[in-house]
């Protein structure tokens, strides 16, 4: 995906958004490219434009200027079904449909490929089964989603996005509501997805997750990219202090409990 001289404005429209975000978020102009198999973290203070950036990338928020391209095609020219076969999203706040079992909700990720028939093929069933296991939902798959905790419902959203099996996966605060064990599972899976060639962009307020797992960090402030590059290049005391407006100090390895690297 490539963003060329993109600018956009998002105006919050509901009470939940107004409680947690600035009423208006201005983005750009900015340029950004996401490479195949790359895991990119987007960090910055509240109101920096992080979620607005994701909305622009999915085509749900139209750009005022510039273009968002996937494989050379402007997203604005694509139908929603076509975008859904290219980009999957795990939103920060998401209404999980009630009355369905976990497996049924995860299977909704296959809808873009079913062309109105809404019948599961053998390949669909295989992909859904794998997504359930990778999201840690195997034992929950027959439960109704309204019976689940907030963290479990978050995993259902992640499972559905995995089942969508798109080249690009966007996640807004994916670790929210997850306990330490599930955060570890999630980022192990995301790392594996990147190794398979899937591109991932995740917005996070947890600077340590960004430093530990991202191949590249994009630092946003007031709708502009302050810096982007390898975590060690971007997440410096000086840049973080100036961007967040509070004194920051790079921790030593003993000053912060990092998640154990599950591949070690």
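The values are calculated or read from the model by the stated rules, or taken from the named source; none is laboratory data. Given the structure is predicted, the values throughout are model-derived calculations rather than measurements. Counting neighbours? That spans all protein chains shown, and the Cβs are built from the backbone with ideal geometry, glycine included.
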Q: Only one of these is assigned to a loop (DSSP other than H, G, I, E, B) and touching a residue at least 40 places away in the same chain (Cβ under 8 Å): 97, 112. Name it.
A: 97
**Q.** Residues of region 62-94 classified as modelled with pLDDT under 95, in a strand (DSSP E or B) and touching a helix residue (DSSP H, G or I) at 6+ places or on another chain (Cβ under 6 Å), total
**A.** 0
Q: Tell me, please, whether a residue that is at pLDDT 95 or above, in a loop (DSSP other than H, G, I, E, B) and farther than 30 Å from residue 85 by Cβ can be found in region 243-259.
A: no
**Q.** Qualifying position, being farther than 27 Å from residue 70 by Cα, without any contact (Cβ under 8 Å) to a residue 40 or more places away in the chain and in contact with a helix residue (DSSP H, G or I) (Cβ under 6 Å, 6 or more places away or on another chain), among 151, 138
**A.** 138
Q) Identify, please: which residue in region 177-198 is touching a helix residue (DSSP H, G or I) at 6+ places or on another chain (Cβ under 8 Å) and not in a helix (DSSP H, G or I) and is, among those, modelled with the lowest pLDDT? A) 177
(Q) Anything in region 142-164 that is in a loop (DSSP other than H, G, I, E, B) and either within 12 Å of residue 102 (Cβ to Cβ) or not assigned by TED's automatic domain parsing to the domain that holds residue 112 (or both)? List them, or say none. (A) 142, 143, 148
Q: Quickly run through region 57-80 and pick out the residues that are surrounded by 13 or more Cβ atoms within 10 Å (Cβ to Cβ) and in contact (Cβ under 8 Å) with a residue 24 or more places away in the chain.
A: 57, 58, 59, 61, 63, 64, 66, 67, 68, 69, 70
Q.
Within region 39-61, take every residue that is in a loop (DSSP other than H, G, I, E, B) and touching a helix residue (DSSP H, G or I) at 6+ places or on another chain (Cβ under 7 Å) and give me the one that is farthest from residue 1 (Cα to Cα).
A. 45
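Conditions tested, residue by residue: (1) in the same structural domain as residue 181 (by TED's automatic domain parsing); (2) under 28 Å from residue 213 (Cα atoms).
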site: 44; (1), (2): yes, yes
site: 54; (1), (2): yes, yes
site: 73; (1), (2): yes, no
site: 79; (1), (2): yes, no
site: 99; (1), (2): no, no
site: 113; (1), (2): no, no
site: 119; (1), (2): no, no
site: 125; (1), (2): no, no
site: 140; (1), (2): no, yes
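Given the criteria farther than 12 Å from residue 39 by Cβ, under 16 Å from the mean Cα position of the chain (by Cα) and crowded, with 21+ Cβ neighbours inside 10 Å, does residue 172 qualify?
Judged against the criteria, residue 172 is a match.
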